[in-house]
Amino acid sequence: MAHDLPGWVAELTDPRRARTLDELADRLVPLAEHAIDVSRRLQAQLNDLNDPFRREALYGRVERLKARAGEALEEITAEIAASGDERLERLWADWAERAGTGGRGAREEELRRRLDRDVVPVLSRSRRDVAERVAARTSAALDEATRTLLTRVEELARAVTDLITEVLPLAREGLALAGRISGLSAQARKAGRGPIPGELKEAGAGTARAFDEAVARLELEWAALGARSASVRAALRAAEESAFSHVTEEMTRCVEELAPEHVRALNEAEARARALFGDPPDERPADG
């Protein structure tokens, strides 16, 4: 829906409707300022569009991916360690319940010594082996994800560079137009007062038309560039999240593949511990 301004606005601001040299000079000044404003806004948007592809931003994106992968690996490693600790804690709780509170100090000390010698090393080897294999798979997945991320960022950077190369001349065109408008305004002031000579009147009208056309293009390009910038930022976030998802998915697959072997090691360690505690081998079913 069009929203037209009152007719007197153009009457008082359009250089083509100026009647004197002073009016022409005064009405040209806002045009120059507007051309400068939209050109600078366009240049600022181009700078914002290019910022995510600077070396510092690229380095930060890769480091952020590595940090997130490291945190995820730490969580998995902690879960692996906790699985063995939980088995031992459960065994101690069962034994304490059966042994009661009286006269168990020497027996408990002996059991802990034997557990540390015969059971804990088994658990430690198992979780160390699993953790090392998960870490190796994670490292390989991180390398692959980083290469994919950098490739995608590079492709996007080329497209953005082409866009900047195409749009930047428009911003410079706006600044050049502002310079011509300012020059014409100064020329009108130097011409003195009174009616506008035909040559200046024609120049003023031509400049106003050029302003209308150029600013319309610049404003349209500025709006379109804003939408394009949002798409680029979204694409960068999506590329980063996709890289991280690749790493975590590979970590999850690795843990799932190693889980049966790790559970067997836990069951064997629990069986040894129960033998030390004096439990019958089939007293309690083993679980993960």
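General observations
- With the convex hull of its Cα atoms as the shape, segment 1-87 has an orientation-averaged projected area of 12.8 nm².
- Each Lys and Arg contributes +1 and each Asp and Glu -1, all at the Cβ; summed about the Cα centre of the chain, the dipole is approximately 1020 debye.
- Computed from the alpha carbon atoms alone, the convex hull of segment 144-288 holds 173 Å³ per residue.
- Other residues whose C-beta falls under 9 angstrom from the C-beta of A208 contribute a net charge of +1, scoring Lys and Arg +1 and Asp and Glu -1.
- Where trypsin sites (Lys or Arg not before Pro) in DSSP loops with at most 16 other Cβ within 10 Å are excluded, longest remaining stretch of the chain: 194-288
- Percent of Cα pairs in the chain per distance bin of 5 Å, from zero to the largest separation: 1, 5, 9, 9, 8, 7, 6, 6, 5, 5, 5, 5, 4, 4, 4, 3, 3, 3, 3, 2, 2, 1, 1, 0.
- Percent RCO, i.e. relative contact order, over segment 30-160, from Cα pairs under 8 Å lying at least 6 residues apart: 49 percent
- The local environment of A223, defined by Cβ-Cβ distances under 13 Å, has a net charge of +1 under the rule Lys, Arg +1 and Asp, Glu -1.
- Environment charge at A235 (Cβ cut-off 14 Å; Lys +1, Arg +1, Asp -1, Glu -1): +2
- Leading residue at positive end of dipole, the chain (Cβ point charges), from Q187, A259, L156: Q187
- When the solvent-accessible area of the chain is split by element, carbon and sulfur atoms take up 53 percent of it, the probe being 1.4 Å.
- Convex hull volume per residue for segment 70-203, taking Cα atoms only, in Å³: 244 Å³
- Under the criterion of Cα pairs below 8 Å and six or more residues apart, the relative contact order for the chain equals 42 percent.
- Rounded to the nearest 20 debye, the dipole magnitude of segment 162-288 is 1660 debye, with +1 charges on Lys and Arg beta carbons, -1 on Asp and Glu beta carbons, and the Cα centre as origin.
- Per-residue [θ]222 nm for the chain (sum of -39500 (n - 2.57) over DSSP H runs n ≥ 4, rounded to 500): -32000 deg cm²/dmol
- Entry comment: accessible area of segment 1-55 is 63 Å² per residue, from protein heavy atoms only and a probe of 1.4 Å.
The values are calculated or read from the model by the stated rules, or taken from the named source; none is laboratory data. Because the structure is a prediction, the values reported are computed rather than measured. Cβ atoms come from the backbone with ideal geometry, glycine included; neighbour counts cover every protein chain shown. We work out accessible area using only protein heavy atoms, side chains counted, and drop any ligands, DNA or RNA first. Shrake-Rupley method; radii C 1.70, N 1.55, O 1.52, S 1.80 Å.
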